[in-house]
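Below is one structure; the comments refer to it alone.
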Amino acid sequence: MGLLPRRGVRIGGTATFDGKDLLRLDQKNMRDIRGRDIAMIFQDPLSSLNPVIPIGRQVTEVLNRHRGLRGAPAEREAAELLDRVGIPDPKRRLREYPHQLSGGMRQRALIAMAVACRPRLLIADEPTTPLDVTIQAQILELLKDLVKEFGTALVMITHDLGVVAGMCDLVNVLYAGRIIESASRRPLFATPHHPYTHGLLSSIPRLDSTGDERLTPIRGSVRDALPWVRGCAFQPRCDRPMEVCVGATPTLVESSSGHAFRCTNPVVHEERR
C-alpha cells in the first residue's frame, strides 16, 4: 500500500496489479491507486481512524480525492455509505468522533471508507479480531454482500480458520513469511499436505469428532524467518522431518489439481484424521 516509510528497509520481489509493479511506482501514482483501485480495512478501527476528525470528514476525504465530490453531494454520499454498511442514523454519525462509536460501528465506518470508490481489490487485515462473536458474524456477512454487490476481489488476512472456511475461495497458508501451501478451500481443509497446515487443523476442536479424541498441538515455537537460515523453517517443529529438510529450502510444488505445497515429505490423505 506504500503507507510506511522505506528508511532502512530493503524490499525485494514484485507486487503486480493491473500490469503495474506497485513497488516501483512513485508516491503520486500510488496515491491515485490507493483508495480508488485498492483499499484496505485495518485490524484495529480505533487506532486506524483519526481521533480528532469527525467520521464524516474522514469518509468524504476519499470521495474528494478520487470521485471529485465536495460539499453537500459528498456529505450525502457519505451518509448513504454509512447507511449501506448498517450504521443507524447516519447523518448524525457523520458529525461524531471515533470514540463516540462502538467497536462494531467503527469497523463499519472503516468499511464504508474502503468501499467508497468501489475498489477492484479490497484487503481486509484481521477485520474482526477486536469484535465479539456476534458482531464478527455481522461484519463478515456485510463484507460478503459488498464484495458481491461491487464485484470486488477480497484478500482476507486472518489466523481464524473459521473465517477462512466461511469467506475464502482460495487459501494461502504462510509460515515464517513464505507460502507453504496453496489450494482451494475444500481441498485444503479435507486433505492438507504440509505438516504445518495439518497441525493447525489437528489442533482445533471438530464438531464431527467422537468426543474421545485428543487435540494435537504443534510443538515448539515459531522460528524467526531469518534470510540466512537454510532449510525448511518448519523443520524444528515438524513430526516428519528428513535430512534434506535441514540443508535445502523446499520449493513450492504444484499438483495436477492445482494444490501446491512446500514440503519434501508431505502428509498423504490417509494420514489426515
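Suppose the filter is surrounded by 19 or more Cβ atoms within 10 Å (Cβ to Cβ), modelled with pLDDT under 90 and in the same structural domain as ILE157 (by TED's automatic domain parsing); does ILE87 pass it?
Details: surrounded by 19 or more Cβ atoms within 10 Å (Cβ to Cβ): yes; modelled with pLDDT under 90: no; in the same structural domain as ILE157 (by TED's automatic domain parsing): yes.
No; evaluated as a whole, the condition is false for this residue.
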Quiz prompt | Selection count, the range 252-273, where residues are under 15 Å from ASN172 (Cα atoms), in a loop (DSSP other than H, G, I, E, B) and modelled with pLDDT of 90 or more | solution = 4
Exercise. Test GLY162 against the stated conditions and say whether it is among the small types (Gly, Ala, Ser), within 22 Å of THR216 (Cα to Cα) and either outside the structural domain of LEU215 (by TED's automatic domain parsing) or not in a helix (DSSP H, G or I) (or both).
Key: yes
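From the residues in the range 76-112 that are assigned to a helix (DSSP H, G or I) and among the acidic types (Asp, Glu), which one is nearest to PRO45 (Cα to Cα)? It would help to see each step written out before you state the result.
Looking only at the range 76-112, we keep the residues that are assigned to a helix (DSSP H, G or I), and these are 76-84, 90-93, 98-100, 103-112.
Now restrict to residues that are among the acidic types (Asp, Glu): 77, 80, 83.
Details: GLU77: 21, GLU80: 20, ASP83: 18 Å.
Only one residue tops the list, namely ASP83.
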Exercise. Considering (1) in contact (Cβ under 8 Å) with a residue 24 or more places away in the chain; (2) under 28 Å from LYS28 (Cβ atoms); (3) surrounded by fewer than 17 Cβ atoms within 10 Å (Cβ to Cβ), say which one ASP44 fails and leave the rest.
Key: (2)
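Out of the residues in the range 207-223 meeting the condition of being at pLDDT below 85 and surrounded by 10 or more Cβ atoms within 10 Å (Cβ to Cβ), tell me which one is farthest from the chain's Cα centre (by Cα).
Step one: list which residues in the range 207-223 are at pLDDT below 85, which gives 207-216, 220-223.
Add one more test, that the residue is surrounded by 10 or more Cβ atoms within 10 Å (Cβ to Cβ), and what stays is 209, 213, 215-216, 220, 222-223.
Numbers: SER209: 29, GLU213: 31, LEU215: 27, THR216: 26, GLY220: 26, VAL222: 20, ARG223: 22 Å.
Once the filter is applied, the top-ranked residue is GLU213.
Okay, residues lined up against (1) more than 20 Å from GLY258 (Cβ to Cβ); (2) among the aromatic types (Phe, Trp, Tyr); (3) touching a residue at least 24 places away in the same chain (Cβ under 8 Å):
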| position | (1), (2), (3) |
| --- | --- |
| LEU146 | yes, no, yes |
| PHE150 | yes, yes, yes |
| ALA153 | no, no, yes |
| MET156 | no, no, yes |
| VAL163 | yes, no, yes |
| ASP169 | no, no, no |
| ASN172 | no, no, no |
| SER182 | no, no, yes |
| PHE189 | no, yes, yes |
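The values are calculated or read from the model by the stated rules, or taken from the named source; none is laboratory data. Small disclaimer: the values here were computed from a predicted structure and weren't measured. Neighbour counts are summed over all protein chains in view; Cβ atoms, including those assigned to glycine, are modelled from backbone coordinates with ideal geometry.
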